[in-house]
Amino acid sequence: MARINRKKFIQGAATVGAMAAAPGLLAQVGERGPTRVTIDLERRIAPLDPRVFGSFLEHLGRAIYEGVYDPGNALSDKNGLRKDVAEEIRTMGVPIVRYPGGNFVSGYHWLDGVGPKKDRPTVLERAWNSIETNQFGTNEFIDWCKLAGTEPLLGLNFGTAGAEDAANLVEYCNQPGGTKWSELRKAHGYAAPHNVRRWCLGNEMDGPWQIGHMTATEYGRKAIDAARQMRFVDRGIQLVACGSSGPGMGTYLEWDQQVLQECYHEVEALSLHRYFNNEGETGKDSTKFVAMNLSFEKQIAEVAAVCDTVQGKLRSRKRLWLSFDEWNVWYRATDGNGRREKAPHLLEEVYNLEDALLVGGLVNSLLRRADRVKLACLAQLVNVIAPIMTNKSGLLRQTIYFPYVWALKHAKGEVLDLHVDGPRYDVRDLGPAGYVDAIGTLDRPGKKMALFLLNRDLQNEREVTVTWHDAAPTKVVASQTITGPDLKAANTFDAPSKVVPQKLETPAASARMTFKLPARSYSVVELGV
Ligand code: AHR
């Protein structure tokens, strides 16, 4: 059932209506000359929740098996966890990881994946037509999170299981002891509770490809029942209701509204998902592709508006936040049929330079909407539509790794409300897009700020003049760019350095600085302030 291609349902239709052009505002379309960025450190959008740069690991293809868990490999520890992969993720600083799915979760019985490994059943996994040995389950994931220095975000089966099963898993994970499920955890060797704080109530239940697909009202009622039972077990948890799978869905926004009508009072957040392609959505036009983050922002605005409409209708004092818990570029490796193999090579998308540019734009958009998006997951993390690929002897950093890791390293503190004014170009169905997309963050205690700069001009270098109103940078701490002559260039195990960061030449720190952004580039500049 779930092998029905998601693409069939949500791509093609995914050119999201035209963005309203801002007539007469800002600079003229096509104008040359610099983009002017004005910074006033007192003008801020919102504090940045670090969880906005989380990621996702699903029992899918080689994400878990061979990706993070590979017993017998010299690179793995005594528990079978790949030390090099966990170390990479710890060094990157990935704050939160969603698990175990995705489509997988809608047919997953968590009890199959706990207890002595020799007693765990091998099952036919129906979302990806693969063989699941259950040798890695909830407890191994919690162990792995500790090793990788990240927080778990657990997904729940709303397909073949229900509210009771969800509440039991919360009890298994979070109740210290003295009850059926907490004692089972202890018997499995975990004396202390896992204290999992954040939970996803199902996955993409609006999608006909999803095991247990149902109507919005059915889902909303199931969600409120599960939420109440889960909260009864642990009052400290935060719950994310399952929003629409994307703007290409026929039920987009209507689903969100109906779901929230049922369960608004019992959830903290609503999920959004989105995968971009440089195919049907753009007509293979890369100038449009690198501007698609504007459509991502439109999606955030639309879903937030639905949340606020329901809040108003229900006269609720609570404002929901958004969990963009699947986002990425994904359109080439779409065959989801695992052919009943263990750890099949599925969804092993190879990312190129233009994908990295759009991922940089998406990072900028997540920062710009830090007022509303408090959690988000790059989908996914290892081997499956991922920044990191593994083979038996090491790992590879794909192009999209770099904008993602720069966000993790440099985006700290508060997001600044920059004034950006510069030349734009017309993008079919999207309206005018700036050649330069700029956003910045300010880490007050660290006395640092960072600028994230996308140059969407695929032919020409673009200048950006940055003027500080109320402070002057004292030094340039770091400045890097990814660029190159070939938008389709990618890193492989044989040639791992085709697209890697290069130094971005910068002027000396001062209250007015002009940066020259190479054509086809995404850059980060960190400054002392
Ligand atoms: O991330 C791959 C798949 O995309 C997930 O399993 C599903 O939620 C989405 O359709």
Q: Quick one: angle between helix 353-368 and the longest Cα principal axis of the chain, in degrees between 0 and 90, rounded to 10, please.
A: 90
Q) For the stretch 419-528, rounded, prolate or oblate, judged on the Cα gyration tensor with a ≥ b ≥ c (square roots of eigenvalues), a/c < 1.5 rounded, else prolate if a/b > b/c? A) oblate
Q) Long-range amide H contacts for Arg98: which residues qualify at under 5 Å (H placed 1.01 Å from N, peptide plane, sequence gap of 5 or more or a different chain)? A) Ser55, Phe56, Leu57, Leu153
Q) So for the pair Thr251, Arg90, with labels modelled 7 Å out along Cα→Cβ, what separation do we get in nm? A) 4.3
Q. For the stretch 136-143, what does the Karplus curve 6.51 cos²θ - 1.76 cosθ + 1.60, with θ = phi - 60°, yield as ³J(HN,Hα) per residue in whole Hz, taken in order and with x for Gly and Pro?
A. 10, x, 4, 5, 5, 5, 5, 4
Q) At a 1.4 Å probe radius, carbon and sulfur cover how many percent of the accessible area of the chain? A) 52
Q: Could you give the size of the charge dipole of the chain about its Cα centre, using +1 on the Cβ of each K and R and -1 on the Cβ of each D and E, expressed in debye and rounded to the nearest 20?
A: 620
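Shape of the chain from its Cα gyration tensor (a ≥ b ≥ c, root eigenvalues): rounded if a/c is under 1.5, otherwise prolate when a/b > b/c, or oblate? Walk me through the numbers before you get to the answer.
Values: a/c = 1.66, a/b = 1.46, b/c = 1.13.
Prolate is the answer for the chain, as a/c is 1.5 or above and a/b outweighs b/c.
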Q: Kindly write out, for the stretch 62-76 in residue order, the coupling ³J(HN,Hα) from the Karplus curve 6.51 cos²θ - 1.76 cosθ + 1.60 (θ = phi - 60°), rounded to whole Hz, with x marking Gly and Pro.
A: 10, 5, 7, 6, 6, x, 9, 10, 8, x, x, 6, 4, 7, 9
Q | Residues of the chain: accessible area per residue with a 1.4 Å probe, Å² | A | 36
Q) So which of Lys409/Lys498; Lys146/Lys447; Lys78/Lys342; Lys412/Lys498; Lys342/Lys374 end up more than 27 Å apart by C-alpha? A) Lys146/Lys447; Lys412/Lys498; Lys342/Lys374
Q: Specify whether the C-alpha gyration tensor of the stretch 389-466 places it in the rounded, prolate or oblate class, a ≥ b ≥ c being the square roots of the eigenvalues: rounded for a/c under 1.5, otherwise prolate if a/b is larger than b/c and oblate if not.
A: oblate
Q | Whole-number percent relative contact order across the chain, with pairs defined as alpha carbons under 8 Å at least 6 apart | A | 21
Q: Of the options Leu366, Asn328, Gly72, report the single residue whose Cα projects farthest towards the positive end of the charge dipole of the chain (beta-carbon charges: Lys, Arg +1; Asp, Glu -1).
A: Gly72
Q | Amide H contacts under 5 Å for Tyr69, placed H, 5+ residues apart | A | Arg82
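Relative contact order for the stretch 419-528: what is it in percent, counting Cα pairs under 8 Å that are at least 6 residues apart? The partial results should precede the final answer.
On the way: 223 pairs, mean separation 36.7, N = 110.
Relative contact order of the stretch 419-528: 33 percent.
Given N residues in the stretch 212-360, what is its alpha carbon radius of gyration divided by 2.2 N^0.38 Å?
Cα Rg divided by the expected 2.2 N^0.38 Å: 1.22.
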Q: Tally the DSSP beta bridges in the chain and give the antiparallel ones as a percent, rounded to 5.
A: 60
Q) By how many nm would the segment from Asp486 to Arg428 lengthen if fully extended, with 0.36 nm per residue of separation less the alpha-carbon distance? A) 18.6 nm
Q: For helix 254-263, report the angle its Cα long axis makes with the longest principal axis of the Cα atoms of the chain; keep it between 0 and 90° and round to the nearest 10°.
A: 50
Q) Taking θ as phi - 60°, what are the ³J(HN,Hα) couplings along the stretch 177-187 by the Karplus curve (6.51, -1.76, 1.60), each to the nearest whole Hz, with x for Gly and Pro? A) x, x, 10, 3, 7, 6, 5, 5, 4, 5, 4
Q.
Can you compute the helix-only [θ] at 222 nm over the chain? Use -39500 (n - 2.57) per DSSP H run of at least 4 residues, normalise by all residues, nearest 500 deg cm²/dmol.
A. -7000 deg cm²/dmol
Q. So what's the angle, to the nearest 10 degrees on a 0 to 90 scale, between helix 401-410 and the longest Cα principal axis of the chain?
A. 80
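The values are calculated or read from the model by the stated rules, or taken from the named source; none is laboratory data. These numbers come from a predicted model, not from an experiment. Don't worry about glycine lacking a Cβ; one is built from the backbone with ideal geometry, like all the others, and counts go over all protein chains shown. The accessibility values were calculated without ligands, DNA or RNA, using every heavy atom of the protein model including side chains. Shrake-Rupley method; radii C 1.70, N 1.55, O 1.52, S 1.80 Å.
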